[in-house]
1. Which residues, taken from region 54-108, are of a type in the set (Gly, Ala, Ser), outside any loop (DSSP other than H, G, I, E, B), closer than 21 Å to LEU18 by Cβ and in contact (Cβ under 8 Å) with a residue 40 or more places away in the chain?
2. Could we say that GLN44 is exposed (fewer than 14 other Cβ atoms within 10 Å of the Cβ), under 26 Å from PHE101 (Cα atoms) and not hydrophobic (A, V, I, L, M, F, W, C) here?
3. Which residue pairs have Cβ atoms closer than 6 Å, lie 6 or more positions apart in sequence or on different chains, and pair a first residue in region 1-27 that is of a type in the set (Asp, Glu) with a second residue that is part of a loop (DSSP other than H, G, I, E, B)?
4. Looking at region 1-39 only, could you name the residues that are exposed (fewer than 15 other Cβ atoms within 10 Å of the Cβ), more than 21 Å from PRO102 (Cβ to Cβ) and among the hydrophobic types (A, V, I, L, M, F, W, C)?
5. Output the residue which, of all residues in region 64-102 that are among the basic types (Lys, Arg) and at pLDDT 95 or above, is surrounded by the most Cβ atoms within 10 Å (Cβ to Cβ).
6. So is LYS43 under 16 Å from VAL2 (Cβ atoms) and outside any strand (DSSP E or B) or not?
Amino acid sequence: QVQLVESGGGLVQTGGSLRLSCAASGIIRSFNVMGWYRQAPGKQRELVAIIRIGGTTNYADSVKGRFAISRDNAKNTVYLQMNSLNPEDTAVYYCNAMMAFPPATYWGQGTQVTVSS
């Protein structure tokens, strides 16, 4: 009954910004790790950014300095602020959440981000 609901995707021009949101429902505890992955046409899914329950983060080299991940543990929500977007960022972005105990991983439905040149 746990669900991850994403929002914020859309179409922007090169250099623009978007903020993605992912809210978890059907769960009381906070997830140990929440993050964002993306998959472009013809490519495999790749990690974009993760944030742990204590607030530490990791980013893919391709988005460092442009994207920022954050979370609100009280709302069980994770955000991805995307700045200086370029066409290479075009992909379906998926929210991910992981619990250590009991072990479980959940995925959102995906939201399309398209950056035009």
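The values are calculated or read from the model by the stated rules, or taken from the named source; none is laboratory data. Everything numeric here is computed off the predicted structure, so don't read it as measured data. Note that we place each Cβ from the backbone using ideal geometry, even for glycine, and neighbour counts take in every protein chain shown.
1. ALA91, ALA97
2. On the way: exposed (fewer than 14 other Cβ atoms within 10 Å of the Cβ): yes; under 26 Å from PHE101 (Cα atoms): no; not hydrophobic (A, V, I, L, M, F, W, C): yes.
Criteria not met by GLN44.
3. GLU6/GLY108
4. Answer for region 1-39, where residues must be exposed (fewer than 15 other Cβ atoms within 10 Å of the Cβ), more than 21 Å from PRO102 (Cβ to Cβ) and among the hydrophobic types (A, V, I, L, M, F, W, C): VAL5, LEU11.
5. Among those that are among the basic types (Lys, Arg) and at pLDDT 95 or above, it is ARG71.
6. So LYS43 does not fit the description; no.
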